[in-house]
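Everything below concerns the one structure shown next.
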Amino acid sequence: MSWHALRVRPSRDRELVIAALFASGSQGVLEDGDSLVTHFPSDADVDEIRAGIARADSGATVEVTESPTVDWSEAWKHGVGAHDLGTLAVVPPWLEGKRDPARTIVIDPGMAFGTGEHQSTRCVMRLMQQIIRLGDHVADLGAGSGVLSIAAAKLGAASVAAIEMDPEAIGNAQENVDRNGVADRVSVIEGEAGLLLQLVAPVRVVLANILSSVLVELLPAIAAALAPDGEVILSGILVAERSDMLAVLQSDWRVLAEEAEEKWWSVAVARA
């Protein structure tokens, strides 16, 4: 099925032309500069539509082109790609192909944050590969889709607490954990990170991809939850905020590594 796309340039009263388009069956008219743009189904009588426009404005010009029907339930998928990040890859289900499941994180883009499309997620994924050790206990704060929790498990973590306070993200995260075969190591927990951290402590690694203002508030709880050799990856920080965050960290933390992509900055730290 295709659609007739009409671009009409009125010569005088635009309102009369708009009224004529609606009278001919248009469901909506876009005003684009000096033009009016609308669509009609393929079985619409274009000659009759032209006549209606002429009756409203004899000087109006009409351009008609054919516009194919777009299946938006599928078309949006073209905007979600695969991301190869060091030894790991984040891919949507339709691009999984024959990739190695041990190093591939399959994320179904739902309402939850974290598909690999965001720079802050990618920064954490790169830093994690320097931090996560075999057998680690990990807490992922603001887990979103669960992508970082799944990555931690595939990097060898023995247990991961995926903590997320948004109830709408919980179902998506659990589906992703199950799909990636790490449900035996990743527990999706709904609640506030500051409260739940003390219940899952001690952990050797904390992942926190949240707003910088929230990160600052959580630092005391993160420090209290860490094992003696613990390390933390902080993300969701703008490059423009780097100096401010380093100033906050300088008295109690030491920087291990940094990552930046476009306007986003992430840092791995340990207690001083």
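The values are calculated or read from the model by the stated rules, or taken from the named source; none is laboratory data. This is a predicted model, so every value here is computed, not measured. Cβ coordinates were reconstructed from backbone atoms using ideal geometry, including for glycine residues, and neighbour counts include every protein chain displayed.
The table for this structure:
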item	result
Residue in segment 230-267 that is surrounded by the fewest Cβ atoms within 10 Å (Cβ to Cβ), counting only those that are outside any loop (DSSP other than H, G, I, E, B) and of a type in the set (Lys, Arg)	ARG254
For ASP100: the one exception among (1) surrounded by fewer than 23 Cβ atoms within 10 Å (Cβ to Cβ); (2) acidic (Asp, Glu); (3) touching a Leu at 6+ places or on another chain (Cβ under 8 Å)	(3)
Members of segment 52-95 found to be part of a helix (DSSP H, G or I) and modelled with pLDDT of 75 or more, listed by number	GLY52, ILE53, ALA54, ARG55, ALA56, PRO93, TRP94, LEU95
Given (1) under 23 Å from ASP108 (Cβ atoms); (2) outside any helix (DSSP H, G or I), number of the condition ALA173 does not satisfy	(2)
Meets criteria (closer than 25 Å to GLY230 by Cβ and crowded, with 24+ Cβ neighbours inside 10 Å) for GLY144	yes
Failed condition for ILE163, given (1) closer than 30 Å to ARG242 by Cα; (2) modelled with pLDDT under 95	(2)
Pairs with Cβ under 8 Å, 6+ apart, first in segment 47-59 and free of Cβ contacts under 8 Å to residues at least 12 places away in the same chain, second outside any helix (DSSP H, G or I) and surrounded by 14 or more Cβ atoms within 10 Å (Cβ to Cβ)	ALA54/ALA60
Filtered residues of segment 19-40 (kept if more than 12 Å from ARG7 (Cα to Cα) and either β-branched (Val, Ile, Thr) or within 34 Å of the chain's Cα centre (by Cα) (or both))	GLN27, GLY28
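For (1) closer than 26 Å to SER159 by Cβ; (2) touching a Lys or Arg at 6+ places or on another chain (Cβ under 8 Å); (3) without any contact (Cβ under 8 Å) to a residue 12 or more places away in the chain; (4) not hydroxyl-bearing (Ser, Thr, Tyr), each residue gets a yes or a no:
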| residue | (1), (2), (3), (4) |
| --- | --- |
| ARG204 | yes, yes, no, yes |
| ILE210 | yes, no, no, yes |
| LEU218 | yes, no, no, yes |
| ALA223 | yes, yes, no, yes |
| GLU231 | yes, yes, no, yes |
| ILE237 | no, no, no, yes |
| GLU241 | no, no, no, yes |
| MET245 | no, no, no, yes |
| GLU262 | no, no, no, yes |
